[in-house]
Amino acid sequence: MRPDNKRLVLTTVAATLAASAALAAAAGALFLFSGWYSIGATVQHWQPVYTVLERGMHYSVRHHAADIRPPDLADTRMLQRGAALYRDHCLQCHGGPGAPQAGIGKSMQPIPGPLVDAGRRWKPQELYWITRHGIKMSGMPAWEFRMPEDDLWAVVAFLGKLPALSSKEFALAMEEGK
């Protein structure tokens with residue numbers, strides 16, 4: 001290929017990419033400023049939006065929790081304290097084995113996910129980071145301002161045991177914490 005032809009091809013490719021990017025930006029701006037996308041809490045996000053937000057949350061949590069070192073989470077008193085804290089602060093939105101979410105949890109968008117398998121999906125330091133810092137625009141509060149450090153870890157300890165609890169064991173743990 002002659003240098004002039006090569007230059008022409010590269011210029012055409014660059015111009016096409018630039019025009020495509022400008023067109024995509026204009027379409028995105030039109031969509032954003034039009035208000036067409038409903039942000040109401042009565043409608044779930046479109047699946048592509050939900051997928052991007054969910055994936056971004058996982059990457060962010062993994063990044064921010066990387067240097068956190070959990071304490072020993074097997075202490076029985078810590079688990080009992082964690083069960084009581086879960087009952088008082090988490091159950092209404094997340095439910096538990098045999099215990100559905102309360103109405104407040106069902107009315108949120110995005111709907112708070114069940115935590116029965118959180119101990120399998122997240123590392124303890126990641127659960128701690130989420131519990132401590134919350135998740136923006138999800139209704140998940142930052143508990144660092146309302147719970148002491150030991151209580152944050154107690155919730156994490158309980159979440160680690162939650163996947164193994166039957167509905168009867170879960171109900172008993174909720175009662176014992178009273």
Query raised in the report: Restricting attention to segment 137-156, does a residue exist that is among the basic types (Lys, Arg) and outside any loop (DSSP other than H, G, I, E, B)?
Result: no
Requested in this report: Considering each residue of segment 107-148, count those that are surrounded by 13 or more Cβ atoms within 10 Å (Cβ to Cβ) and of a type in the set (Lys, Arg), and give that number.
Outcome: 2
Requested in this report: Being surrounded by 10 or more Cβ atoms within 10 Å (Cβ to Cβ), of a type in the set (A, V, I, L, M, F, W, C) and without any contact (Cβ under 8 Å) to a residue 40 or more places away in the chain is the filter here, so list the residues in segment 36-52 that pass it.
Outcome: Trp46, Val49, Val52
Query raised in the report: Exactly one of (1) surrounded by 17 or more Cβ atoms within 10 Å (Cβ to Cβ); (2) closer than 30 Å to Val43 by Cβ; (3) β-branched (Val, Ile, Thr) is unmet by Ile104. Its number?
Result: (1)
Requested in this report: Test Leu85 against the stated conditions and say whether it is of a type in the set (A, V, I, L, M) and either at pLDDT 95 or above or over 19 Å from Ser138 (Cα atoms) (or both).
Outcome: yes
Query raised in the report: So Glu54 clears everything in (1) over 20 Å from the mean Cα position of the chain (by Cα); (2) closer than 20 Å to His133 by Cα except one condition, right? Which one?
Result: (1)
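The values are calculated or read from the model by the stated rules, or taken from the named source; none is laboratory data. This is a predicted model, so every value here is computed, not measured. For neighbour counting, all protein chains shown are included, and Cβ atoms are generated from backbone atoms with ideal geometry for every residue, glycine included.
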